[in-house]
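Asker: What follows is a single structure, and I will ask about it in a moment.
The values are calculated or read from the model by the stated rules, or taken from the named source; none is laboratory data. Since this is a predicted model, take the numbers as computed values, not measurements. Ideal geometry is used to build each Cβ from the backbone, glycine not excepted, and the neighbour counts take in all protein chains shown.
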Amino acid sequence: MPNKPARYGIKSWVACDARSSYAWKMQLYTGKKPTATAAASSAAGREEREEEEEKEEEKDEGRKKGKGRGGSEKNQGTRVVLDVTKGLTGRNITCDNFFTSYELAQRLLLETNNTLLGTIRKNKPELPDALLALRGRRVLSSKFAFTRDTALVSYLAKKNKNVLLLSTFHTRTADVVGRRQRADNKPAVILDYNSNKGGVDNLDKVVATYSCRRMTARWPLAVFHNILDVSSYNAFVIWRELNPDWLPGKRNKRRVFLKQLGKALVAPLIERRTRLPRAEAAAAVVKTHRLAAGGGGGGCSGSGGVTTTPALPPPPPPPPPPSSSAAAATSTAPVNPPLPASKRKRCQVCPSKKDCKTHNVCRGCEKYICRGCALLYCPACANYFCSSSERGSV
């Protein structure tokens, strides 16, 4: 793809909010849209379609390679903007010179009551010659042209560099010119365009910061990864607007949100599992989650994140006061003496990247477990768990 950081990719048209980069609508580019003639021919018989295709192929032999059987799409920019802004009313649409045209600006005003602001190419027929002429013009000078609902601006940023903009958002001279207190004498229409043009580029940047993309040769999977990234960012924008006091002063809010979102999405699948996974680390995660969710812990915390609160079973009723000899035996003899370990081995609960070795062995499954992964219980709770497990086994 020319003028793009990546050599290969899938093109998609995106309409974003200029401030938050919230993706309003996305549309994958899959080639030229079928016309009414193509739709009618597809409804005809197979033999008739084959004859028409043969005739079209004969006519298109002289065309350049890569433009397709039907040539390039006409008014593609207008069609794309109308598609991705469908459902929006009373908004200002900012786009670059690939999309901007006088026809698009008038259709947006009449059909959806939306205004348009964008750069426009020099080969458009609606541009007057006075805005295109550069002879005798000073650098950093501007020229303006107006109709009843449209404004055209020609700004000479450098020598022989003419910047042309079309706007239906700035309809008065004062709105277009603005206050010229800058050294570059940029009119207000250019300043507004510069402040609103980076919505899509910023979306690409923030999505690439925390992404779930993986190397793949299947394009549907690449599209799915992009959908997940954009959807998670949209969810973060909505959550931040609904909870402005969430995690005040922190600069990694999106990282925390994605971490809590991932846990919340995985939790129902973990609870639905009937068997433990084969991997030791994955099995430990499932066991820890089930133990934490056993008492109904989990939900929305006060800070707005989805958390799980470990909850142990209710403690047994207090036993009758034992005699002094029994109390002494309870305090001196350990309830669950550790199993003797022959040698130090790696903890079977810690992840593989963490080389943690220990002598401790679990009394239930006889697996090696370090102190950081083990859980501590008082003698009363340990007796209760042992007695409940024996009753369950019987």
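Asker: Taking only pairs six or more apart or across chains, which ones have beta-carbon atoms under 7 Å, a first residue in the range 2-26 that is among the basic types (Lys, Arg), and a second residue that is surrounded by 16 or more Cβ atoms within 10 Å (Cβ to Cβ)?
Answerer: From residues that are among the basic types (Lys, Arg), the pairs are 25/15; 25/84.
Rundown of residues vs (1) more than 25 Å from residue 13 (Cα to Cα); (2) surrounded by 14 or more Cβ atoms within 10 Å (Cβ to Cβ), yes/no style:
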{"site": "193", "(1), (2)": "no, yes"}
{"site": "210", "(1), (2)": "no, yes"}
{"site": "216", "(1), (2)": "no, no"}
{"site": "234", "(1), (2)": "no, yes"}
{"site": "242", "(1), (2)": "yes, no"}
{"site": "250", "(1), (2)": "yes, no"}
{"site": "259", "(1), (2)": "yes, yes"}
{"site": "263", "(1), (2)": "yes, yes"}
{"site": "268", "(1), (2)": "yes, no"}
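Asker: When you look at residue 2, is it farther than 21 Å from residue 170 by Cβ, surrounded by fewer than 13 Cβ atoms within 10 Å (Cβ to Cβ), outside the structural domain of residue 147 (by TED's automatic domain parsing) and at pLDDT below 95, yes or no?
Answerer: Yes, satisfied.
Asker: Scan the strands (runs of 3 or more DSSP E) fully inside the range 82-198 and keep the ones with 1 or more residues being assigned by TED's automatic domain parsing to the domain that holds residue 21 and in contact (Cβ under 8 Å) with a residue 40 or more places away in the chain.
Answerer: 92-95, 115-119, 142-146, 161-167
Asker: What residue, among those in the range 21-50 that are farther than 24 Å from residue 216 by Cα and in contact with a Lys or Arg (Cβ under 8 Å, 6 or more places away or on another chain), is modelled with the highest pLDDT? Spell out the reasoning first.
Answerer: Taking the range 21-50 as the starting set, the residues that turn out to be farther than 24 Å from residue 216 by Cα are 21-25, 32-50.
Going one step further and asking which of them are in contact with a Lys or Arg (Cβ under 8 Å, 6 or more places away or on another chain), we end up with 25, 33, 41-42.
Numbers: 25: 97, 33: 72, 41: 45, 42: 49.
Applying the filter and picking the extreme gives 25.
Asker: Please go through (1) under 26 Å from residue 370 (Cα atoms); (2) of a type in the set (Asp, Glu); (3) under 17 Å from the mean Cα position of the chain (by Cα) for residue 229 and return the number of the only condition it doesn't satisfy.
Answerer: Every listed condition holds for residue 229 apart from (1).
Asker: Moving on to the next point. So for the range 210-219 (the condition being modelled with pLDDT under 95 and assigned to a helix (DSSP H, G or I)), does at least one residue qualify?
Answerer: Checking the range 210-219: at least one residue is modelled with pLDDT under 95 and assigned to a helix (DSSP H, G or I).
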